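> Got a structure for you, questions after.
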Amino acid sequence: MKMKKGIWKGLITGRTAVMLIAVLTLASALGWVFSEIIPKDINFHEDIYRAKWGNFTFNLVNYLGLHDPFHSFWYRGVLAFFTLSLLLCIITGWKVLIVHSFSFSPPSFLRKGAGKAPAMEISWSKLARSGIEKKDILGYYEKAFGREIEIDTTQISEGYSKVAAYLKGKRYRVKSRETDEGVLFSALRGRWHYPGNMLFHIAILVITIGGMIGSFQGKKEIMYARKGDVLTLYDSPLSIRVDRFNIIQTREGEIRSYITELSFLNSSGDSIQSEKVEVNNPGRYGRYDIYQSTYYVDEEEFAWARITYRVGENGRAESIVIKPGQKIALPSTDWTIEVKGYSPDFRKGKKGYYTGSNRMFNPALRIEIAGSYGHKSGWLFLKYPSFNFISDLPAKFSVDYIEPVYYTGLQISSNPGTRLVILGITMAAVGLLFLFCSSYRLLKGKVGKEGLFIIIARESGGKISKREISGMKKDLNIILRDIVVANAGKER
Amino acid sequence: MIDGVLDISLFWMAFWVYLISFLVFVVFFAVRSRLPGRIAVILFFAALVLHTIGIIARWRFFGHIPLATMFEYSLVLSWIIALSFVLLLFRFDFMISGVVISPVVIIIMVIASFLPKEGSKQLMPALQSYWFYIHITLAALAEGAFLVAAGASVYYLFRSTKTNSDSGDRESVEGLIIKSIRIGYPLFTIGALFAGSLWAWKAWGSFWSWDPKETGALVVWLFYTLILHQQSRGRWEGRTLAIVSIVGFLIILVSFLGNLFLGGLHAYV
């Protein structure tokens, strides 16, 4: 029983929280390093890495999950401990929150010199001395070394009222209690600091839980489709049809945006909802979010191309539109033209030509002309027509336009933790606002026969500085001096 | 065309004036006479003006806030640090810390000088979002605040080694370190982590991808969370606070430069 209580207490201490944050920081930093230096594909090429590292190192790396450290048992373990500690701190933190922010009351007694809390003191007799000029020698020495200054209860009340008014001007809420010794008071500022703190901690917990749900229950898949293609959604009878895919480019050829227009289809193939999806603007149906993730062009096929040719030096330029697999007779010649090859990104290597990427960086068509000159073929380049070459043919050919076949890359996600994460982020933002825009200050003080005494009973969100305390003391000196000076006048 | 070159020329001019200002700060530090200190501050201010005009010129030329590349981010970050220092000079007698803050600005500008300087009038599709402004601006402000804390920490450590140093001065510098961290922390949390996560969710369909930059930001956040927790427990004050604040700066530096050689989703330059 004692041990259980000890473990419980150990888990909720500030020291444990700090230790867990430190361990989590260290674990994240290690994960950061490992994820960069250890290849992620060790399980796909096990033989290669075993040969390279040896069995022991490979097994160790694999066991510790260093190739994917943030999903390893040790990182998840640290995260689980952190979450547990956070949960316990929240459960036990309510008491602190209510005591410090809501059940605020004046003290029943106050002792000078108790504890290490910063304090300030203003005595009536010191005030009296500072209120009398030295040239009034008799009065000065009388107050300094002679009779104690006498302050009655009316003056104590007046003193308290002035102190309270000053503190209220500094955005403190003040509560007081009258006793035989004088007026005891508490002053509180920044009461939303602790609720903000609590809200922020709850929010971190909510985000962590939301993230964990997403990690275990969420699903995402990238699917590629051309215009008219239908994709089946996972775990659902629904499907989506790509109605249109459009790439918007600037005059300089830079991509401004890419947009997919799609329809959600029910099991009978009827459209139930249409969405326009682009980067930063996903579509949604039920639990599915559809993101415009990427796009590419078909490396094998194009939609159509426009080719211009001119027979002889002075012949007229003619244009034709050609599609893959088509054989077209060229007007005013006895030739036919056919596209025999296509590359969106033509490159030449040691072993011949190849396609460098699935983007339209250097589109080219390989055409074949058949007719009286036999079968002649060559490459036509869209961006570099000076490299066009078809040998032994008294004609020039160029390609003016190639319409590629675009594939839109759609990411289909379902994440049941999304709402929790968004809720957590909102709560955390509000919590941070309260937490960092207000500094908690609880002052406890007494205005009595000796003077004013204030201690800084609790502070959070930035320490009260010596400068702040001395400034406050200076202000209160000026405020309270009037009472003593008036008293001195009465005595004379 | 002139506009496109103008900003780079202004940044170079600002760099040289910052450098001269740093040298004068060193002289001020050595002789402790007010005159070189004032000259250094005036030079620093002049460099800041050039730096500001350079940023405005680039903004005007490309038509968007210059935060789209690492080069632009570095320039804005160094500008925030320089501006914070000038603003702090109005509040604190903080002239001597110019000897620490000006080289921080210069180092970041040197890093920027090695980065590709080309910009584009057309932001890539992923960056065309209001989150771009919120996420990157707040992250830059937060990192600027943390770097100011680190600069003040170096100053604090230097002062604390002097046996006759004024405790009131040290207290105000310690206050500045704490305040800078307390300003930077919520900005970093909201700007770098939350706004970044929400933007990632909108653009990539996932709040968190364990991308090197994201992980770096998490480590930075956890480290400053640790500092604030220790602060609330009355620990890590004075020299310790100054040392951990400098360690925080080093972590930021690794995270800041991380995507240049680590790649990932944030490698957009």
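> State which residue is surrounded by the fewest Cβ atoms within 10 Å (Cβ to Cβ) when the search covers only segment A:119-175 and only residues that are at pLDDT below 80 and of a type in the set (Lys, Arg).
Ranking the qualifying residues of segment A:119-175, first place goes to A:Lys135.
> Can you find a residue that is charged (D, E, K, R) and closer than 23 Å to B:Ala112 by Cβ anywhere in segment B:24-43?
no
> Scanning segment A:341-353 for residues that are at pLDDT 90 or above and not small (Gly, Ala, Ser), which turns out surrounded by the most Cβ atoms within 10 Å (Cβ to Cβ)?
The selected residue is A:Pro344.
> Within segment A:440-481, restricting attention to residues that are of a type in the set (Val, Ile, Thr) and more than 14 Å from every other protein chain (Cβ to nearest Cβ), which residue is farthest from A:His100 (Cα to Cα)?
Among them, the one singled out is A:Ile478.
> Identify all residues within segment A:243-265 that are at pLDDT 90 or above and not aliphatic (A, V, I, L, M); write none if there are none.
A:Asp243, A:Arg244, A:Phe245, A:Thr260, A:Glu261, A:Ser263, A:Phe264
> Is it the case that A:Ile456 is touching a Pro at 6+ places or on another chain (Cβ under 6 Å) and among the β-branched types (Val, Ile, Thr)?
Details: touching a Pro at 6+ places or on another chain (Cβ under 6 Å): yes; among the β-branched types (Val, Ile, Thr): yes.
So A:Ile456 fits the description; yes.
> Among the residues of segment A:318-327, which ones are surrounded by 13 or more Cβ atoms within 10 Å (Cβ to Cβ) and more than 13 Å from A:Thr308 (Cβ to Cβ)?
Result: A:Lys323, A:Pro324, A:Gln326.
> Let me ask another. Scan segment A:413-443 residue by residue and report those that are of a type outside the set (Gly, Ala, Ser), surrounded by fewer than 22 Cβ atoms within 10 Å (Cβ to Cβ) and not in a helix (DSSP H, G or I).
The answer is A:Pro416, A:Tyr440, A:Leu442.
> Right, next: Checking A:Gly286 against (1) on the phi > 0 side of the Ramachandran plot; (2) in the same structural domain as A:Ala395 (by TED's automatic domain parsing), which test does it fail?
Tallying (1) on the phi > 0 side of the Ramachandran plot; (2) in the same structural domain as A:Ala395 (by TED's automatic domain parsing), A:Gly286 fails exactly one: (2).
> Can you go through B:Gly54, B:Gly63 and tell me which one is in contact with a Phe, Trp or Tyr (Cβ under 6 Å, 6 or more places away or on another chain), in the same structural domain as B:Ile8 (by TED's automatic domain parsing), farther than 30 Å from B:Glu171 by Cα and free of Cβ contacts under 8 Å to residues at least 60 places away in the same chain?
Answer to the selection: B:Gly54.
> Here is a list of conditions, (1) farther than 30 Å from A:Lys474 by Cβ; (2) in contact with a Phe, Trp or Tyr (Cβ under 7 Å, 6 or more places away or on another chain), and A:Ser101 meets all of them except one; can you say which number that is?
(1)
> Looking only at residues that are part of a strand (DSSP E or B) and within 7 Å of another protein chain (Cβ to nearest Cβ) in segment A:275-291, which one is surrounded by the fewest Cβ atoms within 10 Å (Cβ to Cβ)?
Per the stated criteria, the residue is A:Asp289.
> With the requirement that a residue be under 19 Å from A:Gly409 (Cβ atoms) and loosely packed, with under 15 Cβ neighbours inside 10 Å, what does segment A:214-228 give you?
Those that are under 19 Å from A:Gly409 (Cβ atoms) and loosely packed, with under 15 Cβ neighbours inside 10 Å: A:Lys219, A:Glu221, A:Ile222, A:Arg226, A:Gly228.
> Report, by residue number, each residue of segment A:361-397 that is modelled with pLDDT of 85 or more and assigned to a loop (DSSP other than H, G, I, E, B).
Answer for segment A:361-397, where residues must be modelled with pLDDT of 85 or more and assigned to a loop (DSSP other than H, G, I, E, B): A:Phe361, A:Pro363, A:Leu382, A:Lys383, A:Tyr384.
> Would you list the helices (runs of 4 or more DSSP H) that sit entirely within segment A:22-108 and hold 1 or more residues that are out of contact with any strand residue (DSSP E or B) (no Cβ under 7 Å at 6 or more places or on another chain), closer than 30 Å to A:Ala457 by Cα and in contact (Cβ under 8 Å) with a residue 60 or more places away in the chain?
Details: elements: A:46-53, A:55-64, A:73-97.
Where helices (runs of 4 or more DSSP H) fall fully within segment A:22-108 and carry at least 1 residues being out of contact with any strand residue (DSSP E or B) (no Cβ under 7 Å at 6 or more places or on another chain), closer than 30 Å to A:Ala457 by Cα and in contact (Cβ under 8 Å) with a residue 60 or more places away in the chain, they are A:73-97.
> Taking segment B:159-182 on its own, how many of its residues are in a loop (DSSP other than H, G, I, E, B) and at pLDDT 70 or above? Let's see the steps before the verdict.
Narrowing segment B:159-182 to residues in a loop (DSSP other than H, G, I, E, B): B:162-166.
After this cut, where a residue has to be at pLDDT 70 or above as well, the list is none.
Of the residues in that region, 0 qualify.
> Listed residues A:Thr333, A:Thr294, A:Thr308; which is assigned to a strand (DSSP E or B) and over 26 Å from B:Ala203 (Cβ atoms)? Don't jump to the end; show me each part of the working.
Details: A:Thr333 fails: assigned to a strand (DSSP E or B); A:Thr294 fails: over 26 Å from B:Ala203 (Cβ atoms).
Within the list A:Thr333, A:Thr294, A:Thr308, the selection yields A:Thr308.
> Test A:Tyr406 against the stated conditions and say whether it is surrounded by fewer than 20 Cβ atoms within 10 Å (Cβ to Cβ), hydroxyl-bearing (Ser, Thr, Tyr), more than 14 Å from chain B (Cβ to nearest Cβ) and not in a helix (DSSP H, G or I).
no
> If you take the residues of segment B:205-244 that are facing another protein chain (nearest Cβ under 7 Å) and among the hydrophobic types (A, V, I, L, M, F, W, C), which of them is farthest from A:Val277 (Cα to Cα)?
By that ranking, first place goes to B:Leu226.
> Further question: Please verify whether segment A:464-473 includes one or more residues that are more than 30 Å from A:Glu178 (Cβ to Cβ) and surrounded by fewer than 16 Cβ atoms within 10 Å (Cβ to Cβ).
Yes, because at least one residue in segment A:464-473 is more than 30 Å from A:Glu178 (Cβ to Cβ) and surrounded by fewer than 16 Cβ atoms within 10 Å (Cβ to Cβ).
> If I filter segment A:242-255 for residues that are without any contact (Cβ under 8 Å) to a residue 40 or more places away in the chain, surrounded by fewer than 18 Cβ atoms within 10 Å (Cβ to Cβ) and closer than 30 Å to A:Arg458 by Cβ, do I get at least one hit?
To start, the set of residues in segment A:242-255 that are without any contact (Cβ under 8 Å) to a residue 40 or more places away in the chain comprises A:243-244, A:246, A:248-255.
Next cut, surrounded by fewer than 18 Cβ atoms within 10 Å (Cβ to Cβ) only: A:243-244, A:246, A:248-255.
Going one step further and asking which of them are closer than 30 Å to A:Arg458 by Cβ, we end up with none.
No.
> I've got another one for you. Of the residues A:Phe389, A:Phe361, which is within 26 Å of A:Val311 (Cβ to Cβ), more than 14 Å from chain B (Cβ to nearest Cβ) and not acidic (Asp, Glu)? Before you say what the answer is, go through the steps one by one.
Working: A:Phe361 fails: within 26 Å of A:Val311 (Cβ to Cβ).
Within the list A:Phe389, A:Phe361, the selection yields A:Phe389.
> Give the residues of segment A:450-480 that are in contact (Cβ under 8 Å) with a residue 60 or more places away in the chain and acidic (Asp, Glu), sorted by residue number.
Hits for segment A:450-480 are A:Glu450, A:Asp475.
> What residue, of B:Tyr156, B:Tyr133, is out of contact with any Pro (no Cβ under 9 Å at 6 or more places or on another chain), of a type in the set (Phe, Trp, Tyr) and farther than 30 Å from A:Thr294 by Cβ?
Selected residue: B:Tyr156, the only one of B:Tyr156, B:Tyr133 that is out of contact with any Pro (no Cβ under 9 Å at 6 or more places or on another chain), of a type in the set (Phe, Trp, Tyr) and farther than 30 Å from A:Thr294 by Cβ.
> Here is a further query. If the Cβ limit is 8 Å and pairs must be 6+ apart or interchain, which residue in segment A:296-318 that is at positive phi and in contact (Cβ under 8 Å) with a residue 12 or more places away in the chain pairs with which residue that is small (Gly, Ala, Ser) and surrounded by 14 or more Cβ atoms within 10 Å (Cβ to Cβ)?
That search, which allows pairs on different chains as well, returns A:Gly312/A:Ala395.
The values are calculated or read from the model by the stated rules, or taken from the named source; none is laboratory data. All of these numbers come straight from a predicted model, not from anything done at the bench. Note: ideal-geometry Cβ built from the backbone for every residue, glycine included; neighbour counts use all protein chains shown.
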